[in-house]
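All remarks here apply to the structure that follows.
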Amino acid sequence: MSADAMKVPRGADGHAPDVFRKGGWVPMREHDLDQEVDFLIVGTGAGGATLACRLAEQGFSVVALDAGAWWRPLEEFASDEAHQQQLYWNDERICDGDNPLKMGSNNSGKAVGGSTVHFAMVSLRFRPEWFKCRSMLGYGADWPVDWREMWHYYDEVEQALSIAGPVNYPWGPPRKRYPYRSHELNAAALVLARNVVVAGYAIETPRLLLISANQRFPDGLANSSGLVGKNLMVQSNQAVWGVLDEEVRSYKGPPSLSISEHWNYQDKDKDFFGGYAYMSQGPLPAGWASALNGRGLWGVNLSREMQKYNHQAGLKIVGETLPQERNRVTLADEKDQYGLPITRITYSFCDNDKKLIAHSLNFMEQALEAAGGKEIWREQDDTCHLNGTARMGDDPKTSVVNADGRSWDIPNLWICDGSVFPTVGGVNPSLTIQALACRTAHRIGVLASRGEL
């Protein structure tokens, strides 16, 4: 293993780690500090990294910054949960509301690659109607993009990532066949760029915009609408667990091995708006012990329950929650180690969210019982996948950026991450973030060719 990534900068001297070859390096272009570049991207997760790639391929000069270390996945990643702690964004945040969110290992990543460094590769497309939720389904907000256009960018990302899946996917419109298969750390520097892209995701993006308030923009950057930080959305992530007579070892393989989108595409027999995907779930040992401990088990009782680990089976959802302005990211009075305000994250489920969760728990319990599950219990307070807080739209009064991710207020400021989502859907968001990043890169190229950049 090479030098500690937490202490030694990896991207330096014209090279960067080769993530596909142990100990290898790949060339990396460097720029002088007084050299102006076309784009500065803050954040290298699913949105920022994808955008950086596509812009560089078009010939733009790009510099990307990230708060975390540059890890070598082949040498430094491990399947044990204790070792994975170094990948998460564990900085202090204040969480309140009726349903305070769990942060740390949930919903975060602090590394070059953002939260994709612990991405389980669940890559599902949005249901087409979700892009026009308000117009077609009667809830949420319409996106300023059309599903047919997004289908092209979904194809692009799926080809690039070699996403696999069944040839005849039973939900949604037909699609193509899936293919198989620097500087000193903690330093400050000035980067001259004609354009800046913020890609810090749904917590750090609004924090950076709000913390950058100045005399010209007293309420924060890109915030003439007053919506920066508002409409925070998570996805409900409740589960039902039980014990099977046979040994299933459900922890082997991907955690979401079998997935159904029935309740995403079925609008009948529901007393709520939105939908959810439900999937098989195999817990890792330390996380499972922690979940059981949360039920009050300890000592002998905890050990006895862990003996059933190889017989444990579960179903879990990724469920849609509705955008609400009361769910938000703001700046707290408390400061971090750099003297900057930490975030206050306020979140509460609405009645519709609670109805969806109740429906999913009842449905999954029936399904697990039908499969022979015994000793069934419910995990009711889990969430995943942060989105919203800098929504895109067609009207500068009701959105932060336009359909291209371009700020209504500051023409050379862009946002490219899950914070631009007007609604969240009932599937994992990464594929849609990457598809939007490809679209933004394409639109930037078009605008540049017209002299409108």
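The values are calculated or read from the model by the stated rules, or taken from the named source; none is laboratory data. These numbers were taken from a predicted model, which means no experiment stands behind them. Methodologically, a virtual Cβ is constructed for each residue, glycine included, from the backbone with ideal geometry; neighbour enumeration extends over all protein chains shown.
Report whether or not Asn362 is within 26 Å of Gly282 (Cα to Cα), exposed (fewer than 13 other Cβ atoms within 10 Å of the Cβ) and more than 26 Å from the chain's Cα centre (by Cα). Yes.
For segment 137-164, the set of residues classified as on the phi > 0 side of the Ramachandran plot and surrounded by fewer than 16 Cβ atoms within 10 Å (Cβ to Cβ) consists of Gly138, Ser162, listed by residue number. Scanning segment 280-299 turns up no residue that is modelled with pLDDT of 85 or more, farther than 27 Å from Cys350 by Cα, assigned to a loop (DSSP other than H, G, I, E, B) and among the small types (Gly, Ala, Ser).
Considering only residues of segment 31-87 that are of a type in the set (A, V, I, L, M) and part of a loop (DSSP other than H, G, I, E, B), which is nearest to Ser419 (Cα to Cα)?
Initially, segment 31-87 is screened for residues of a type in the set (A, V, I, L, M), giving 33, 37, 40-42, 46, 49, 51-52, 55-56, 62-65, 67, 69, 74, 78, 82, 87.
With the extra rule that they be part of a loop (DSSP other than H, G, I, E, B), the set shrinks to 33, 67, 78.
Details: Leu33: 30, Ala67: 18, Ala78: 29 Å.
Result: Ala67.
Name the single residue, out of those in segment 236-250 being in a loop (DSSP other than H, G, I, E, B) and hydrophobic (A, V, I, L, M, F, W, C), that is modelled with the highest pLDDT. If you could, list the steps in order and put the result at the bottom.
Initial filter on segment 236-250 (in a loop (DSSP other than H, G, I, E, B)): 237-238, 244-250.
Those left that are additionally hydrophobic (A, V, I, L, M, F, W, C): 244, 248.
Working: Leu244: 94, Val248: 89.
Applying the filter and picking the extreme gives Leu244.
The set of residues in segment 412-437 that are closer than 13 Å to Val197 by Cβ and not in a helix (DSSP H, G or I) comprises Asn412, Leu413, Trp414, Ile415, Cys416, Asp417.
Here's the yes/no breakdown for (1) polar (S, T, N, Q); (2) modelled with pLDDT of 95 or more; (3) closer than 21 Å to Asp382 by Cβ; (4) under 20 Å from the mean Cα position of the chain (by Cα):
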site: Pro206; (1), (2), (3), (4): no, yes, no, yes
site: Ser212; (1), (2), (3), (4): yes, yes, no, no
site: Asn223; (1), (2), (3), (4): yes, yes, no, no
site: Pro255; (1), (2), (3), (4): no, no, yes, yes
site: Asp267; (1), (2), (3), (4): no, no, no, no
site: Tyr276; (1), (2), (3), (4): no, yes, yes, yes
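Residues Ser108, Ser61: which one is touching a helix residue (DSSP H, G or I) at 6+ places or on another chain (Cβ under 7 Å) and among the small types (Gly, Ala, Ser)? Show your work before the answer.
Numbers: Ser61 fails: touching a helix residue (DSSP H, G or I) at 6+ places or on another chain (Cβ under 7 Å).
The conditions single out Ser108.
Have a look at Arg177, Arg181, Arg134 and point out the one that is modelled with pLDDT of 90 or more and exposed (fewer than 14 other Cβ atoms within 10 Å of the Cβ). Give the derivation first.
Working: Arg177 fails: modelled with pLDDT of 90 or more; Arg181 fails: modelled with pLDDT of 90 or more.
So the residue among Arg177, Arg181, Arg134 that is modelled with pLDDT of 90 or more and exposed (fewer than 14 other Cβ atoms within 10 Å of the Cβ) is Arg134.
Quick check on this structure: which one of Asp381, Asp404 is within 27 Å of Val446 (Cα to Cα) and part of a loop (DSSP other than H, G, I, E, B)? Of the residues listed, the single one that is within 27 Å of Val446 (Cα to Cα) and part of a loop (DSSP other than H, G, I, E, B) is Asp404. Restricting segment 384-401 to residues that are crowded, with 19+ Cβ neighbours inside 10 Å and among the polar types (S, T, N, Q), the residue that is nearest to Pro429 (Cα to Cα) is Asn387. Candidates are the residues of segment 59-87 that are at pLDDT 80 or above and touching a His at 6+ places or on another chain (Cβ under 8 Å); the one that is surrounded by the most Cβ atoms within 10 Å (Cβ to Cβ) is Leu87.
Select, from Thr398, Thr343, Thr440, Thr389, the only residue that is within 27 Å of Ser212 (Cβ to Cβ) and part of a strand (DSSP E or B).
Numbers: Thr398 fails: part of a strand (DSSP E or B); Thr440 fails: part of a strand (DSSP E or B); Thr389 fails: part of a strand (DSSP E or B).
After ruling out the rest, the residue left standing is Thr343.
Of all residues in segment 308-350, exactly one satisfies the criterion of being touching a helix residue (DSSP H, G or I) at 6+ places or on another chain (Cβ under 9 Å), among the polar types (S, T, N, Q) and at pLDDT below 95, namely Gln312.
Residues are listed down the side, and each one gets a yes or a no for (1) part of a strand (DSSP E or B); (2) among the charged types (D, E, K, R):
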site: Arg194; (1), (2): yes, yes
site: Val197; (1), (2): yes, no
site: Arg207; (1), (2): no, yes
site: Arg216; (1), (2): no, yes
site: Asp219; (1), (2): no, yes
site: Ser225; (1), (2): no, no
site: Val234; (1), (2): yes, no
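Asn107 meets all of the listed conditions (1) at negative phi; (2) modelled with pLDDT under 85; (3) buried (at least 16 other Cβ atoms within 10 Å of the Cβ) but one, namely (1).
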